[in-house]
Amino acid sequence: MFDRLIHFSIHNKLIVGLLTLALVIWGGYSLAHLPIDAVPDITTNQVVVYTVAPSLAAADIERLVTFPVEQAVATIPEREEVRSFSRFGLSVITIVFHDGADIYWARQQVAERLREAESQIPPGVGRPEMAPLSTGLGEIYQYIVRAKPGYEKQYDTRELRSIQDWIIRRQLLGTPGVADVSSFGGLLKQYEIALDPERLRAFGVSVEEVRAAMAANNQNAGGAYLDLNPAAYFIRTEGLAQSLDDLGTIVVRRTAAGLPVLVRDVADVRLGSAVRYGAMTRNGEGEVTGGLVLMLKGANANDVIKDVKARMAQIKKTLPKGVAVDVFLDRSELVGRAIGTVKKNLLEGALIVVLALVLFLGNVRAGLVVASVIPLAMLFAVAMMRLFGVSGNLLSLGAIDFGLVVDGAVIIVEAIVHRLALRGPGSPARLSQDEMNAETYEAASRIRQTAAFGEIIILIVYLPLLALAGIEGKMFRPMAQTVGFAILGAFILSLTYVPMMSALALSRNTTHKRTLSDRMMDWLAARYRPVLNAALRHRAVVLGVSGALLVGAWLGFRALGGEFIPQLWEGDFAAEMRVLPGSSLNYTIEKAQQVSGLLKRQFPSEVREVVAKIGSAEIP
């Protein structure tokens, strides 16, 4: 089969050339749309359910919320585990599914069970909700919303939070690839009606009467329409309160004398804020409001961030005067550094391989033919990565070894060059194209089976990595797949493209002049031959030294230590500050500001910005 494929490729150069061009187009398109990230996403296949119940302690949350939800989701098929934690005002339950389970099917199953769980949770306690379809690496873009200098009194944290929720967040949610935007810090505006028990008793008004009056008088209503020929008039009553005064003038009841009792007569109507579980500070200068953009699972981080940046540029134009948005974490910077490192290493590796090929083959054309396999095999690997859903990251792309990629091509081209150099003195000084085709076929077909076995053995080495499961599988399977795709592409190219290009591009001159490569190989052979003979005469010594080196390497490997993932210089530090359990939020904010200010003062040239996130965001 190999021989027929080689013969077809040599005698149908146009077809092979067109197929190579198609590979370049396919690979280029796949490269432009390949999901790119810094590291593999090792997050389990999971659905997170959270419930906010501001008035309940941890024990009550566990009993009234967490337990019913856990019971409801316990019967979902393909479920691996359910874990949860409950704290004051918050319940978070994580349902982990098998890696092969479709996440949208899993979310549908959880949604059905949540309807069942809601019936078991007491009214008014809280409503279970599913977290956005994101992962542990989903926080791709983080920013703060602050008042510009001179506008601090005009925009407090309550106003900044309203701007974040009603202007910034709503516009970001329409960005492709964004699962949700979680607000962090600030005060969530509320209209509070603080009832006064003494005044309630004086007017003989109950709390329920006030609540019923608010519900009945704070809504719009429709009244169909009037058909008054030739026009129709649509009837609509506007009853929504527009201000604190509107709320205060709502009638609760009438006295025996017919005088109205207003809400403001029995309560203080004011602006307030919801119970908060988190805060954000910047550079120790006070509180700010921020947002976390969560990327949809499986989306391309680079593309999503580009779209988010473009949308944010539009949003900034619509912000009120005196309000600024500052980005303090942008995943594209980390991705750019990581992929830049991979590109640099791959380029340097490719140049070294090309120089080594030209130097040792002693033939520039042969070296370039072999070197051209590198980008083509890479494009094939990228196309297959996109086809099989493998993302490009530091581990997957960094695992490619160009020495392995060009192995088969080197063997074939070297065999062709060697066969041409061994032609007898009676051969013509220059071969015709048909003779060159024949010589190329003979050399390639004779050595192809041996080269194929070598490449297959290399592929077999990576097969155990494909059997890994869990976190190990998520980390190392993409690496094995990428290397396998590259070697498979090189294998196909060595059967088709390399023989075709060798017959077309290599010199057809049969006269051979000694080159620097020949002299270098003679010099190496002269020094290698005595070493080889000595090794053959002293087999026991060679085996003993080899065994000692093996043991030493094993001991050295054990002493090296290990890292979960390759070390990355992100340009950011994530420092953790802890306070005593039971500390108040205001106390924690105060200490966080002290630490932030200390870092800025102690390292003025090294630390550009310190953003402290305390507690949890709107989406836990």
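Find the helices (runs of 4 or more DSSP H) located wholly in the stretch 1-100 whose residues include 2 or more that are closer than 30 Å to N437 by Cβ and aliphatic (A, V, I, L, M), and list them.
Values: elements: 2-11, 13-33, 58-61, 67-73.
Qualifying helices (runs of 4 or more DSSP H): 2-11, 13-33.
Which ones in the stretch 328-355 are of a type in the set (A, V, I, L, M, F, W, C) and over 24 Å from the mean Cα position of the chain (by Cα)? Steps first, answer last, please.
Applying the first criterion (of a type in the set (A, V, I, L, M, F, W, C)) to the stretch 328-355 yields 328-329, 334-335, 338-339, 342, 346-347, 350-355.
Residues satisfying the conditions are L347, A350, L351, I352, V353, V354, L355.
Just to confirm my filter: which helices (runs of 4 or more DSSP H) fall fully inside the stretch 507-612 and include at least 1 residues that are acidic (D, E)?
516-537, 585-602
Sort out which residues of the stretch 112-128 are of a type in the set (V, I, T) and closer than 15 Å to V49 by Cα, and write them in order of number.
Step one: of the stretch 112-128, the residues of a type in the set (V, I, T) are 121, 125.
I121 - this is the single residue of the stretch 112-128 that is of a type in the set (V, I, T) and closer than 15 Å to V49 by Cα.
Across the stretch 396-416, what is the number of residues that are at pLDDT 80 or above and assigned to a helix (DSSP H, G or I)?
Residues in the stretch 396-416 being at pLDDT 80 or above and assigned to a helix (DSSP H, G or I): 14 in total.
Please work out which residue is modelled with the highest pLDDT, limiting yourself to the stretch 284-313 and to residues that are closer than 16 Å to V39 by Cα and outside any helix (DSSP H, G or I).
M295
Consider L420 carefully, then state whether it is more than 24 Å from M378 (Cα to Cα) and part of a helix (DSSP H, G or I). Give the derivation first.
On the way: more than 24 Å from M378 (Cα to Cα): yes; part of a helix (DSSP H, G or I): yes.
Judged against the criteria, L420 is a match.
If you check every pair at least six apart or on different chains, which have Cβ atoms under 7 Å apart with a residue in the stretch 138-167 that is without any contact (Cβ under 8 Å) to a residue 60 or more places away in the chain first and a residue that is among the hydroxyl-bearing types (S, T, Y) and outside any loop (DSSP other than H, G, I, E, B) second?
D165/S183
Could you please give the count of residues in the stretch 516-552 that are within 51 Å of the chain's Cα centre (by Cα), of a type outside the set (A, V, I, L, M, F, W, C) and closer than 27 Å to E439 by Cβ?
2
Is it fair to say G367 is of a type outside the set (V, I, T) and in contact (Cβ under 8 Å) with a residue 40 or more places away in the chain?
Values: of a type outside the set (V, I, T): yes; in contact (Cβ under 8 Å) with a residue 40 or more places away in the chain: no.
The answer is no for G367.
Tell me which residues, restricted to the stretch 147-181, are in contact with an Asp or Glu (Cβ under 7 Å, 6 or more places away or on another chain), of a type in the set (S, T, N, Q) and under 15 Å from M312 (Cα atoms).
Of everything in the stretch 147-181, just one residue is in contact with an Asp or Glu (Cβ under 7 Å, 6 or more places away or on another chain), of a type in the set (S, T, N, Q) and under 15 Å from M312 (Cα atoms), namely T175.
Could you please find all residues in the stretch 457-485 being small (G, A, S), surrounded by 15 or more Cβ atoms within 10 Å (Cβ to Cβ) and at pLDDT below 85? If you could, list the steps in order and put the result at the bottom.
Applying the first criterion (small (G, A, S)) to the stretch 457-485 yields 467, 469-470, 473, 480, 484.
Right, trim to surrounded by 15 or more Cβ atoms within 10 Å (Cβ to Cβ) and you get 473, 480, 484.
Hit for the stretch 457-485 is G473, nothing else.
When you go through E112, E78, E129, E116 one by one, which is the residue that is surrounded by fewer than 17 Cβ atoms within 10 Å (Cβ to Cβ) and free of Cβ contacts under 8 Å to residues at least 12 places away in the same chain? Before the answer, list the steps.
Values: E78 fails: free of Cβ contacts under 8 Å to residues at least 12 places away in the same chain; E129 fails: free of Cβ contacts under 8 Å to residues at least 12 places away in the same chain; E116 fails: free of Cβ contacts under 8 Å to residues at least 12 places away in the same chain.
The match here is E112.
The values are calculated or read from the model by the stated rules, or taken from the named source; none is laboratory data. As the structure is a computational prediction, the values presented were derived from the model and not from experiment. Note that each Cβ is placed from the backbone with ideal geometry, even for glycine, and that neighbours are counted across all protein chains shown.
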